[in-house]
Amino acid sequence: MAKHRILITRKWPEACEARAARDYDARLNTEDAVLSPAELAEALQSYDAVCPTVTDSLSADLFAGDPRTRVIGNFGVGFNHIDVAAARAAGITVTNTPGVLTDCTADIALTLMLMAMRRTAEGERLVRAGGWDGWKPTQLIGSKLSGKTLGILGMGRIGIATARRAQHGFGMKVIYYNRSEVAPERLAGLEAERRGSIEAVCAEADVVSLHMPGGGDNTGMIGAEALAALGPEGVLVNTARGDVIDEPALIRALQSGAIRGAGLDVYAEEPHVPEALRALENVVLLPHMGSATAETREAMGHMVLDNLDAFFAGRAVPNAVG
Ligand code: DGY
């Protein structure tokens, strides 16, 4: 039987590309160039499966006509860059990669908390610039993370993993807001108190970490009101999606000192990072690297292929979304 034709939109870890090339008639992207919307539209007409990632926008118009693609195997857990309803209407199954990146993304959330509270990026810049003239009792004074209150917005897998690290590693009190109730067994071994609103969490927490999905109703969810509630001692961390924050409102809050600082791994219009953010000392800026470990990226690629294998074998697809 002829192998299924699949397109992988970006360069993947070697072992995953080798598996894809072995099991499929696979078009790889060894140059790692971002595909244009026209190329993505063309791909949906000519491949049985397309494997995009967060840098590919699959909007409703791309699903018009009668696409050949039957399954979209997204490389990533977040899928707000794919119009899943339009895909479904075109008879296409969409899958993602949950679970395998939970630990690494939670680790980056903790990294950002420490960097923002302890001003480590400022310190690193000082040393690299050759500007450090020795130890001083009053130099680069930050704020202690241990024992503070962490507010989690979006108590899913990654939110819970972040809370566990903060509580068990840093003795932090954990409060959270989640639209739906979280099953108590998922919180086993964690002392976490639910609050009734985002603002209530922001008002009480020293550090707020965002873990809700992007897109839809969540767009701009963290705006002036939440930032005002967080207050001048508060720090905001985002490893979720950039669009959940009203970015201009965050910039104003950081500029005016309405909040202490922020740690960001994601941005509203990636890879664009506003000049106004880059000019600020009280924000830590990472290049969307929450899942960027060899172990995790390889596990993500294999999970995409597991989903495709199941789909084409007519088995239940493990990670279908929507
Ligand atoms: C994810 O898995 O959602 C990462 O942010 C990359 O898309």
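The values are calculated or read from the model by the stated rules, or taken from the named source; none is laboratory data. Treat the numbers as computed from the prediction; the structure is a model and nothing was measured. Cβ: placed from backbone, ideal geometry, glycine included. Neighbour counts: every protein chain shown. Side chains included, ligands, DNA and RNA excluded: accessible areas come from the protein's heavy atoms. Shrake-Rupley method; radii C 1.70, N 1.55, O 1.52, S 1.80 Å.
Observations
- Residue count, the stretch 293-309 (criterion: open to solvent by 50 Å² or more (accessible area, probe 1.4 Å) and either part of a loop (DSSP other than H, G, I, E, B) or within 12 Å of the ligand (Cβ to nearest atom) (or both)): 1
- Summed over the stretch 226-238, residues that are open to solvent by 40 Å² or more (accessible area, probe 1.4 Å) and part of a helix (DSSP H, G or I) total 1.
- Filter pass, residue 199 being outside any helix (DSSP H, G or I) and more than 16 Å from the ligand (Cβ to nearest atom): no
- Summed over the stretch 239-284, the residues that are assigned to a strand (DSSP E or B) and within 16 Å of the ligand (Cβ to nearest atom) give a count of 4.
- Candidates are the residues of the stretch 84-100 that are hydrophobic (A, V, I, L, M, F, W, C) and in a loop (DSSP other than H, G, I, E, B); the one that is nearest to the ligand (Cβ to nearest atom) is 100.
- Scanning the stretch 3-51 for residues that are acidic (Asp, Glu) and part of a helix (DSSP H, G or I) gives 14, 17, 23, 39, 42.
- For the stretch 47-67, the count of residues that are among the acidic types (Asp, Glu) and within 14 Å of the ligand (Cβ to nearest atom) is nonzero.
- Screening the candidates 322, 261, 242 for the property of being modelled with pLDDT under 95 and within 27 Å of residue 217 (Cα to Cα) yields one hit, 322.
- Check on residue 276, more than 19 Å from the chain's Cα centre (by Cα) and open to solvent by less than 30 Å² (accessible area, probe 1.4 Å): no
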